[in-house]
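First the structure, in the form of structure tokens, and then the observations on it.
The values are calculated or read from the model by the stated rules, or taken from the named source; none is laboratory data. Being a predicted model, the structure only gives us computed values, none of them experimental. Every residue, glycine as well, gets a Cβ built from its backbone with ideal geometry; the counts of neighbours run over all protein chains shown. The area values use the complete protein model at the heavy-atom level, side chains included, leaving out ligands, DNA and RNA. Shrake-Rupley method; radii C 1.70, N 1.55, O 1.52, S 1.80 Å.
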Amino acid sequence: MSQSHVLVLPSHKEGFGRVVIEMFREGRPVIATKSGGPEYLINNNNGIVTESKNVTALKNAMIKIYKNYDSYNPTQISNFAKKISTTIN
């Protein structure tokens, strides 16, 4: 994960989304579909949520992250993950 620039999680059904927090710890943004969990962790500062089963929306989210990658603050994303981790532990 530390080698990746972004996580794309196109799930139809997802639980809590621990992999999302793991990517946030790396300070990287996440693209996920509304699937029951990740959409409650992702906000405008750390990624994008799209509708499930909408390939066009997923593609557009990937393009948006690519074009605006530098607007995501790795320290802010990582700190958000730490805050979430202490809340759930």
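Summary of values
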item: Debye equation applied to the C-alpha atoms of the chain, log10 I(q)/I(0) at 0.17 Å⁻¹; result: -0.63
item: Within a Gaussian network of the chain (alpha carbon springs, distance under 10 Å), most fluctuating of P74, P38, P29; result: P74
item: Per-peptide average of other Cβ atoms within 10 Å, ordering 62-70, 4-12, 41-49 highest first; result: 41-49, 4-12, 62-70
item: Per residue solvent-accessible surface (Å²) - region 41-89, probe of 1.4 Å; result: 70 Å²
item: Heavy-atom accessible area ranking, 1.4 Å probe, most first, across F24, F80; result: F80, F24
item: Carbon plus sulfur fraction of accessible area for the chain, probe 1.4 Å, in percent; result: 50 percent
item: The chain, dipole about Cα centre (Lys/Arg Cβ +1, Asp/Glu Cβ -1), debye to the nearest 20; result: 60 debye
